[in-house]
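Undergrad: Structure provided below as structure tokens; questions to follow.
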Amino acid sequence: MFSSPEANACRVLPVRAAGTAGPRPVSASDIEAVGGEVVVTTHRVTYSDRLKVFIGPHEDVDSFLRPLRRMDGHQRFALDLTVLPEPMPATEVTSSVSAARGDLALRCAGSADAMTLQLRTTVDHVTHRYTLGFPGSRLGLPTVYVPHGDDDTYVYPEEVFTAEHAAQIFHEFFHAGVVPAGLRHREILD
């Protein structure tokens, strides 16, 4: 999924479902079958700022765990899960939908053994970004180095996740549109 030939690829994964009128995110219980098979997309997954895949409401935690386990911090360094403004048939995914930033997203960067998670929300046209972490003291400057692609980030020890734990957080975000209670949010000020 991360190789160079796929750098600008855009692919839609089929999901057997039909859309609902509700806003994001759409839970599996809100999806009803409507005559015939309709491919519905609810989220965009971007791998290492290159490959974009559109997925629907029936993904499971393994869908996130497999690519997270492959992250190496260099060639495979990021996964971004963006909620689409509304569920849409796969045939309506356009280049503008594919390129749109999105109002709600969860991103991880780093390697399978040490990654950082960031939540991006937009409220009233104001975007906020947060680094997620476990409870604990955050005194002084962040000291844990997390390489990702050509960039690097420093975070606090309480803000480092493994692929297995990140997959559970992605899974909950995917199905509920929120990160698990108990995670601390440290706002990133640009």
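Undergrad: Could you compute how much accessible surface residue 51 exposes when probed at 1.4 Å, giving the result in Å² to the nearest 10?
TA: Rounded to the nearest 10, that gives 10 Å².
Undergrad: Kirkwood hydrodynamic radius of region 101-190 from all distinct Cα pairs, in Å?
TA: 13.6
Undergrad: Can you work out the Karplus-derived ³J(HN,Hα) for every residue in region 146-160? Use 6.51 cos²θ - 1.76 cosθ + 1.60 with θ = phi - 60°, whole Hz, and x for glycine or proline.
TA: Coupling constants for region 146-160: 10, x, 7, x, 8, 10, 9, 9, 10, 10, 7, x, 6, 10, 10 Hz.
Undergrad: Considering only protein heavy atoms, what per residue accessible area in square angstrom results for region 58-190 with a 1.4 angstrom probe?
TA: Averaged over the residues of region 58-190, the accessible area is 52 Å².
Undergrad: Please give the contour-minus-distance gain from residue 123 to residue 152: 0.36 nm per residue of separation, less the Cα-Cα distance, rounded to one decimal in nm.
TA: 7.7 nm
Undergrad: To continue, here is another question. At a 1.4 Å probe, what is the % contribution of carbon and sulfur to the accessible area of region 103-190? Intermediate results must be reported in sequence, preceding the final value.
TA: Values: 2420 of 4530 Å².
Taking all protein chains in place, region 103-190 shows 53 percent carbon and sulfur surface.
Undergrad: I've got another one for you. Order the following by accessible area, largest value first: 115, 88. Probe radius 1.4 Å; ligands, DNA and RNA are ignored.
TA: Descending order: 88, 115.
Undergrad: Here's another thing I want to ask about it. For the pair residue 94 and residue 144, what calculated FRET efficiency results from E = 1/(1 + (r/R0)^6), where r is the Cβ-Cβ distance and R0 = 35 Å, to the nearest 0.05?
TA: On the way: r = 40 Å, r/R0 = 1.13.
Plugging the Cβ-Cβ distance into 1/(1 + (r/R0)^6) gives 0.30.
Undergrad: Packing-wise, with mean Cβ within 10 Å as the measure, how do 92-100, 130-138 rank, highest first?
TA: 130-138, 92-100
The values are calculated or read from the model by the stated rules, or taken from the named source; none is laboratory data. Just so you know, these numbers come straight off a predicted model, no measurement behind them. Using ideal geometry, Cβ is built from the backbone for each residue, glycine included, and neighbour counts are taken over all protein chains shown. We work out accessible area using only protein heavy atoms, side chains counted, and drop any ligands, DNA or RNA first. Shrake-Rupley method; radii C 1.70, N 1.55, O 1.52, S 1.80 Å.
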